[in-house]
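Engineer: Dumping the structure here so I can ask a few things about it.
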Amino acid sequence: MKSILKKVAGLAVTAALALGIMGCTVNVNTHEHTFATTYTCNETHHWHAATCEHTTEVKGKAEHTFGEWTSNDDATTWADGTRSRTCTACSYKETVTDEGSKLPDYSISVVGDFILKDGSILSKDSTPESGTVAAVIVRAAADGKPALGVGIVHNRNGLAWCTSSAAGYSKNITDLQGDQTSGYMDGSGGWEILKTACSDAGEHPEYYPAWNYSLTYATTNGLTGDLADGWYLPTVAELYTIYQNKAAVDVSLSKAGGTQFGRSWYWSCCQKPYDVNYARGLYFGNGDMGIASKSIDSGYVCSVRAFN
């Protein structure tokens, strides 16, 4: 009888141990990892990371599958842009330099094109963002001459060519004599000519208000970089070129929020020959050249600049 009880007890212990082992195995094998619903990714793969204590576990790890490259439209005339493509599974975005989207060394060939403050060029057929335009092209590059642009802000309060106390008021400056088609035609060196002829110009540019407006144009209008210099008071010939293209120029100036020429009278940098107290300007109503006393402070002023 004792032997039978021992056998039964042994079987019971064995059964209990077996059930214990089976229970442990079931707990381990039936544990289900939990994973994030969103992807974790690096430059090459994506996966669902475990959210349970088994942080090394991942689910669905795979290489990215990308869609087509798309330009980000951030190229300019002076810098490359970027392009991107997105993984179709996890939305990981890869962005690279888009060397192919860089615009060429753009040739300014259309009157009315915009020169933006960052130095880039925008077609006249576009509508620029407010405050981005520095100048409008008034003469295309041709025959060895660079393109000519006019600043979009003009002085329409009226300025004198020079004051009556300035040395230039009674000076016959022969090198500054020109009309619509002959004589002094490129005003880019006009200020240097004036300083050579008039001893007070260099130290007191304020004695020459119309000239000084162009000298300080960049600073007054927040232009920097390459656009910070090179602005000047135009010749009669350069004003006449603007008059010939006035319709297109005024449309672009209007788009840019600038000053239109309309039918106004503008100072040039040219002096009337043999009449030392008078300087020349252009009437934009009909393109006629006119004269006024250098000290009359009613002439409008625009500033121009060459663009290569």
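The values are calculated or read from the model by the stated rules, or taken from the named source; none is laboratory data. What you are looking at is a predicted structure, and each value in this text was computed from that prediction instead of being measured. All Cβ positions, glycine included, derive from the backbone under ideal geometry; neighbour counts span all protein chains shown.
Engineer: Restricting attention to region 154-189, report how many residues are within 26 Å of Ala306 (Cβ to Cβ), small (Gly, Ala, Ser) and under 33 Å from the mean Cα position of the chain (by Cα).
Structural biologist: Count: 3.
Engineer: For region 222-235, give me each residue that is touching a Ser or Thr at 6+ places or on another chain (Cβ under 9 Å) and surrounded by 13 or more Cβ atoms within 10 Å (Cβ to Cβ).
Structural biologist: Gly230, Trp231, Tyr232, Leu233, Pro234, Thr235
Engineer: Of everything in region 115-131, what is of a type in the set (Ser, Thr, Tyr) and free of Cβ contacts under 8 Å to residues at least 60 places away in the same chain? Give them in sequence order.
Structural biologist: Ser120, Ser123, Ser126
Engineer: Out of (1) at pLDDT below 95; (2) closer than 22 Å to Gly151 by Cα, what's the single condition that is false for Tyr274?
Structural biologist: Tallying (1) at pLDDT below 95; (2) closer than 22 Å to Gly151 by Cα, Tyr274 fails exactly one: (2).
Engineer: Condition first: acidic (Asp, Glu) and assigned to a helix (DSSP H, G or I). Now tell me which residues in region 222-237 satisfy that. Walk me through it before giving the result.
Structural biologist: Taking region 222-237 and keeping what is acidic (Asp, Glu), we get 226, 229.
Asp226, the sole residue that qualifies.
Engineer: Output the qualifying pairs, or none if there are none: Cβ atoms under 9 angstrom, residues six or more apart or on different chains, first residue in region 56-76 and closer than 14 Å to Tyr92 by Cα, second residue of a type in the set (Phe, Trp, Tyr) and assigned to a loop (DSSP other than H, G, I, E, B).
Structural biologist: Cβ pairs passing all conditions: His64/Tyr92; Phe66/Tyr92.
Engineer: Which condition from (1) outside any loop (DSSP other than H, G, I, E, B); (2) without any contact (Cβ under 8 Å) to a residue 60 or more places away in the chain; (3) under 20 Å from Thr174 (Cβ atoms) is the one that Asp250 breaks?
Structural biologist: For Asp250, the failing item is (3).
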